[in-house]
Amino acid sequence: MTSVDVELGLTALAAMLSPTALTFSVLALVLSERPGPTGRWFFAWVSGLTLLIGVVAAFVLGNAAAQSKGSSVPRTLVAISDVVAGVVLIVSAVHALRRPHDQKRTAAAVARMSKLS
């Protein structure tokens with residue numbers, strides 16, 4: 001097991017514990033009649049799907065996203081896209097937090113999660 005394998009595993013673990021997966025798992029727990037089995041199955045499904053997508057992406061991308069040999073500096077385009085993605089994420093989070101809550105939309109989301117659980 002190399003350091004790249006460890007890094008890939010930690011990245012997959014971080015994706016598996018993403019806020020989206022955890023939020024929907026908590027909703028499944030809260031809205032279910034049998035929270036234990038529902039939560040375990042829901043979180044296992046979300047985790048497995050996230051790991052599957054990560055493994056497929058790793059095989060599809062292969063070494064296309066890897067740095068050139070002997071280079072410890074990330075590619076400029078990668079660094080720029082990271083900064084742009086971070087700024088877009090911050091702006092969208094601020095926009096979402098400033099927007100007033102829509103009670104109908106919240107009720108509809110709770111109804112959908114209740115139906116799913």
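Pairing each residue of the range 77-97 that is within 21 Å of PRO19 (Cβ to Cβ) with any residue that is surrounded by 10 or more Cβ atoms within 10 Å (Cβ to Cβ), provided the two are 6+ apart or on different chains, yields C-beta distances under 9 Å for ASP82/PRO74. Taking the criterion of being modelled with pLDDT under 80 and surrounded by 10 or more Cβ atoms within 10 Å (Cβ to Cβ), the only residue of the range 90-101 that qualifies is ALA93. LYS104 falls short on exactly one of the conditions (1) of a type in the set (Lys, Arg); (2) part of a helix (DSSP H, G or I); (3) modelled with pLDDT under 75, and that condition is (3). With respect to ILE53, is the statement that it is within 23 Å of GLY9 (Cα to Cα), among the hydrophobic types (A, V, I, L, M, F, W, C) and at pLDDT 80 or above true? Taking the combined requirement at face value, the residue satisfies it.
The values are calculated or read from the model by the stated rules, or taken from the named source; none is laboratory data. Just so we're clear, the structure is a prediction, and the values are computed from it rather than from any experiment. Counting neighbours? That spans all protein chains shown, and the Cβs are built from the backbone with ideal geometry, glycine included.
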